[in-house]
Amino acid sequence: MTRGPVVRLTSAKRASEVKHWLEDVDNYALVKDSFDATSRFARLTKLHINVAGRLLYIRFQAKTGDAMGMNMLSKGTEQALNKLSEFFSDIEILSLSGNFCTDKKPAAINWIEGRGKSVVCEATVPGSIVTTLLKTTVHSLVELNTSKNLIGSAMAGSIGGFNAHAANIVTAIFIACGQDPAQNVGSSNCITLMEPSGPDGKDLYISCTMPSIEVGTVGGGTVLRPQAACLDMLGVRGANKETPGENSSRLAQVVCATVMAGELSLMSALAAGHLVRSHLKHNRSSVNLAPCAPN
């Protein structure tokens, strides 16, 4: 997980001096010791530092066990900044969050550097299944994926939106499993790839790459009984005592795998021309809902 505060120095030169100081191995160790001392689980792993004028943006990246970790990062970052102030008395902490994290907003840094869990899921679907069950062809799916998910998203200037509907799946799982639904913004970053596979190219290879799935299996909404029950069904509720972080990593894998299944389903419906028909058949219309009991 990451937290990116913004601090201000007296000049751009001074901001650069602080940046170079933090990039020194020994100085980084001092900051890391202060950060790590605030938690049993949070461990600082990296600093990503950028300068804008006399403003300094410091992206703290840390492991947080099975927690999503924002509170851990905030606590550790605050302590680390206090340590930094001991060496630079002229530093002014403007905000613990300077939008360099970046949390709940579209951002290229999350797409490139990752945030939370980074997962890649892949599968090979036999051509016979594509034809008989998905009612389309491998060629049609591959061509559509390129035209829609890759070129179409590029034409729209998308950041991390090279997919059909990852956000639908991510939001549903987040609500069911006690995650923060607002973090769907970054967690839905996904690129879906498809290509012909097999000796004769008649099978379908599909993958989903999701670099910033922000999930946890302890804290927050995971303590609510319905959400805890869903985590229990997945076998990931609570902290993994043997390997901290394993449960939250497993949940992220479930998210990515389910997104991939959703991508395959929607793309097949689009390729086959079945989207409208299926919506009309299965949507939540009065035909498909039980009548309400009279008051």
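The values are calculated or read from the model by the stated rules, or taken from the named source; none is laboratory data. If you're wondering where the values come from, they're calculated on a predicted model, not measured in any experiment. So basically every Cβ, Gly included, is an ideal-geometry build from the backbone, and we count neighbours across all protein chains shown. Accessible surface areas use protein heavy atoms only, side chains included; no ligands, DNA or RNA. Shrake-Rupley method; radii C 1.70, N 1.55, O 1.52, S 1.80 Å.
Give me a count of the residues in region 147-157 that are more than 18 Å from Ala261 (Cα to Cα) and either among the β-branched types (Val, Ile, Thr) or open to solvent by less than 40 Å² (accessible area, probe 1.4 Å) (or both).
3
Condition test on Asn168, is it outside any loop (DSSP other than H, G, I, E, B), open to solvent by 50 Å² or more (accessible area, probe 1.4 Å) and touching a helix residue (DSSP H, G or I) at 6+ places or on another chain (Cβ under 7 Å)?
yes
Sort through Ala156, Ala123, Ala172 and tell me the only one that's free of Cβ contacts under 8 Å to residues at least 12 places away in the same chain and more than 17 Å from the chain's Cα centre (by Cα).
Unique residue meeting the criteria: Ala156.
With Glu242, Glu195 as the choices, which residue is closer than 24 Å to Ile112 by Cα, of a type in the set (Asp, Glu) and open to solvent by 40 Å² or more (accessible area, probe 1.4 Å)?
Answer to the check: Glu195.
Step by step: first the residues of region 32-72, then only those that are closer than 19 Å to Thr243 by Cβ and hydroxyl-bearing (Ser, Thr, Tyr), then the one that is surrounded by the most Cβ atoms within 10 Å (Cβ to Cβ). Which residue is that?
Among those residues, the one meeting the criterion is Thr64.
Considering every residue within region 126-140, establish whether at least one is within 13 Å of Met267 (Cβ to Cβ) and within 27 Å of the chain's Cα centre (by Cα).
So far as region 126-140 goes, no, none of its residues is within 13 Å of Met267 (Cβ to Cβ) and within 27 Å of the chain's Cα centre (by Cα).
Name the one entry in Gly216, Gly186 that is touching a helix residue (DSSP H, G or I) at 6+ places or on another chain (Cβ under 6 Å) and not in a loop (DSSP other than H, G, I, E, B).
Gly186
Inspect region 143-155 for any residue being part of a helix (DSSP H, G or I) and in contact with a Lys or Arg (Cβ under 6 Å, 6 or more places away or on another chain) and give the result as yes or no.
no
Any chance region 269-289 includes a residue that's touching a helix residue (DSSP H, G or I) at 6+ places or on another chain (Cβ under 6 Å), under 23 Å from Thr171 (Cβ atoms) and assigned to a loop (DSSP other than H, G, I, E, B)?
The answer is no, given that none of the residues of region 269-289 is touching a helix residue (DSSP H, G or I) at 6+ places or on another chain (Cβ under 6 Å), under 23 Å from Thr171 (Cβ atoms) and assigned to a loop (DSSP other than H, G, I, E, B).
Among all residue pairs at least 6 apart or on different chains, which show Cβ distances below 8 Å where the first residue, located in region 74-85, is under 16 Å from Asn27 (Cα atoms) and open to solvent by 60 Å² or more (accessible area, probe 1.4 Å) and the second is of a type in the set (Ser, Thr, Tyr) and outside any helix (DSSP H, G or I)?
Gln79/Thr38
For region 11-26, name all the residues that are buried (at least 16 other Cβ atoms within 10 Å of the Cβ) and free of Cβ contacts under 8 Å to residues at least 60 places away in the same chain.
Matches in region 11-26: Ala15, Lys19.
In region 194-220, what residues are touching a Cys at 6+ places or on another chain (Cβ under 8 Å) and of a type outside the set (Val, Ile, Thr)?
Residues satisfying the conditions are Ser207, Cys208, Met210.
For Ile206, are the conditions met, namely being among the β-branched types (Val, Ile, Thr) and outside any helix (DSSP H, G or I)?
yes
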